[in-house]
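The values are calculated or read from the model by the stated rules, or taken from the named source; none is laboratory data. Bear in mind the structure is a predicted one, so any value in this text is a computation, not a measurement. Methodologically, a virtual Cβ is constructed for each residue, glycine included, from the backbone with ideal geometry; neighbour enumeration extends over all protein chains shown. Just so you know, the surface numbers come from the protein's heavy atoms only, side chains and all, with ligands and any DNA or RNA stripped out. Shrake-Rupley method; radii C 1.70, N 1.55, O 1.52, S 1.80 Å.
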Amino acid sequence: APVPGSATDEFAKSFFETYMTTGKGGTGDNSALVASLVSEAKTRVAEKVSTSYQSSSVRTVPGTSVASYAAAIETALLDNQVPDDARDATSVIDAYISKEDSSQKKNLLAIAAAYKGIASDLSLAVVPPELAATHLSFLRSADLTSKAVAAIAEYETDPLTTVGAIGIYQSATIELGSALQSVGTALMTQGEPAPGTPGALIMSIIRSNGAL
């Protein structure tokens, strides 16, 4: 059952109130009512799964090298890895929801914790000014990925938020991959990073389809 105060619970109450006010006994076209309720549901989910990172969260310092910035990213990724059996987040989500494998909840929470750690560590990174927008995208998408996966883990008690969170997760991971690609592009302007040097791990990740 939905937990009191969850997006699902709040939406159910709103739906009932709206139905009682405008829809009870109606026999006409209720498409406008349905569209309004869907819009409200999306708003409630967006409120539950949001990020507070903004431009002021990015620490830029003129003269910062792309290589040193890449090293900070790689350290954040290596320090916040998920367990081996949770690396394929899409499969974990599918098993948890479609196959009702409740044992996957711990893996979802581990994934959420990893991305939260990545965002937190990256918020401390010193960034080349020319990559400020990329870094903000990195912060926001990592944070949203964390929060979306955490919301998905609450499927049994708040399915409405879970449904919306899956869409947020998909768009956030795409944005995360794009941010990593932008860093890779910046790295390649200075030549291919040698194995074991800053940037080499990023290039390896990009070449394996951008999966973190």
_Dipole moment magnitude, nearest 20 debye, the range 43-152 about Cα centre, only Lys, Arg, Asp, Glu C-beta charged_ = 380
*Peptides 150-160, 54-64: what's the order by average Cβ count within 10 Å, highest mean first?*
150-160, 54-64
*Residue list for the range 79-102, given a label point 7 angstrom along the Cα-to-Cβ vector of Ser208 and an amide N cut-off under 20 Å*: 79-93
*Take peptides 142-149, 67-74 and line them up by average Cβ neighbours within 10 Å, highest first, as a rough protection proxy.*
142-149, 67-74
*Can you pull the one-decimal nm distance between simple spin-label points at Thr185 and Val61, each 7 Å off the Cα toward Cβ?*
2.6
*For the range 127-212, what is the accessible area per residue in Å² when the probe is 1.4 Å?*
43
_By average C-beta atoms within 10 angstrom, highest first, the peptides 129-135, 195-201_ = 129-135, 195-201
*Got a number for carbon plus sulfur as a percent of the range 51-107's accessible area, 1.4 Å probe?*
47
